[in-house]
Structure formats: structure tokens, C-alpha cells
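So the structure is just underneath, and the comments pick up after that.
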Amino acid sequence: MIFRNIIQRILLGLAICFCLLIGIDQSQSLAAIRQLEEAPEQIVYQSRQNLKDQHGNNWQAIAFKRIRNDGETSIFLRLVGFPNVAEIDRSQPLTLTDSLGKILTASDSSNDIFTDSFEPQPNVGQYNLQPLLSQLQAEIPLKLSLPIIGDEAISLSVPPSFVEEWQTVGNYR
């Protein structure tokens, strides 16, 4: 048993060293695209990544495409922070700015995730990516500006690999 644990630690160490040698940034997790069947003939494809804001707080970014049984599709980006870290201002859009200065805005669609029986969580926001996804360039990093009530906007840096994965999710049929 001890020998097995030692071998596992050595292999893990070698894997980390290999990733560092080939230049994989540990902040850019290698996320997998998941496929979920929500209901008969209703599929969701999703990608999850972790992002840090300017204060060092972690946020989960979930890009997902829902394909309903009638063929209707929707693509959203859901941003989830830890409770009591920030209260998202849903009256304002999410701003996406690429490193070349191109600015896009995504409309809030948080009401789609909260029903009347649930009070909206202040640390969760959802935005419509469908009209913007084709305008994003996968090779160019993005900065997300998430509006916050009574405070400066949360700034989230999105590496090109995440943008590419979001576009892959959007292209599923």
C-alpha cells in the first residue's frame, strides 16, 4: 500500500513537471465539454472553467448550449462567485472587451435560471452569448466586466483557450 502511494505521488509529480515544461499555465485548467440529457431529446453541452477576479476571488464560468426537442437552441454564460463576495447588478449587461479594444455586451438572462419559487442568488449571473459567440476571436484574450451593485465592476481575464472552448460548445448540433 505504501509503495502504491509513493508511485502515485511520483507519477503526479512527473505529470506536473511535464505540464510546466511544455508551458501549460496551471490557471488554465484543461476542461472537458460535458453532454447532459436534461429531458428526452433535450441536450445541454457545457464547459466549466475557473477564473480569478482582480481581488483574487474565484469565479466559475459555465458556457452552455441547450438544444430543445423542438430544435430551438440557446447559448449562455453563467458566472458564479462565492456567496457574499459580490452582488451582481442584473440591470446592466456583461461587457466583453478583447485585447484589441473591441467591446461587446451580453444581455442579462438571469431570470431564466431563477423561478418564482426561488429568490435570485446575488452571486450568480447568466448572460446570452448566442449573438456574440461568432464575433469572438479564439486567439485573442478577453476581459469580462461584471457589473456589481454599489462597487466597482468585477474584472475577469479569459484566456484564448477558454474562448475557443466556448465556441466549440456553441458549434455542437
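Quick notes on this structure:
- In the stretch 115-151, residue modelled with the lowest pLDDT [restricted to those that are more than 15 Å from Thr97 (Cβ to Cβ) and of a type in the set (D, E, K, R)]: Asp116
- In this structure, Thr105 qualifies as at negative phi, touching a Pro at 6+ places or on another chain (Cβ under 6 Å), of a type outside the set (D, E, K, R) and modelled with pLDDT of 95 or more.
- The condition (being farther than 18 Å from Ser157 by Cβ and not hydroxyl-bearing (Ser, Thr, Tyr)) is satisfied by just one residue among Asp89, Asp98: Asp89.
- Restricting attention to the stretch 33-52 and to residues that are basic (Lys, Arg) and either touching a helix residue (DSSP H, G or I) at 6+ places or on another chain (Cβ under 6 Å) or without any contact (Cβ under 8 Å) to a residue 60 or more places away in the chain (or both), the residue that is surrounded by the most Cβ atoms within 10 Å (Cβ to Cβ) turns out to be Arg48.
- The stretch 46-96, residues that are at positive phi and modelled with pLDDT of 95 or more: Gly56
- Residues of the stretch 77-104 satisfying the condition of being surrounded by fewer than 17 Cβ atoms within 10 Å (Cβ to Cβ) and of a type in the set (Gly, Ala, Ser): Ser91, Ser99, Gly101
- Wholly enclosed strands (runs of 3 or more DSSP E) of the stretch 107-173 bearing at least 3 residues over 26 Å from Asn69 (Cα atoms): 142-146, 154-158
- Test: residue in the stretch 111-119 that is of a type in the set (A, V, I, L, M), surrounded by fewer than 15 Cβ atoms within 10 Å (Cβ to Cβ) and over 18 Å from Ile75 (Cα atoms): no
- Counted as qualifying within the stretch 33-85 are the strands (runs of 3 or more DSSP E) with 1 or more residues that are acidic (Asp, Glu), namely 34-39.
- The set of residues from the stretch 147-162 being out of contact with any Asp or Glu (no Cβ under 8 Å at 6 or more places or on another chain) and of a type outside the set (D, E, K, R) comprises Ala153, Ser157, Val158, Ser161, Phe162.
The values are calculated or read from the model by the stated rules, or taken from the named source; none is laboratory data. Keep in mind the model is a prediction, meaning the values are calculated, not measured. We place every Cβ from the backbone using ideal geometry, glycine too, and count neighbours over all the protein chains shown.
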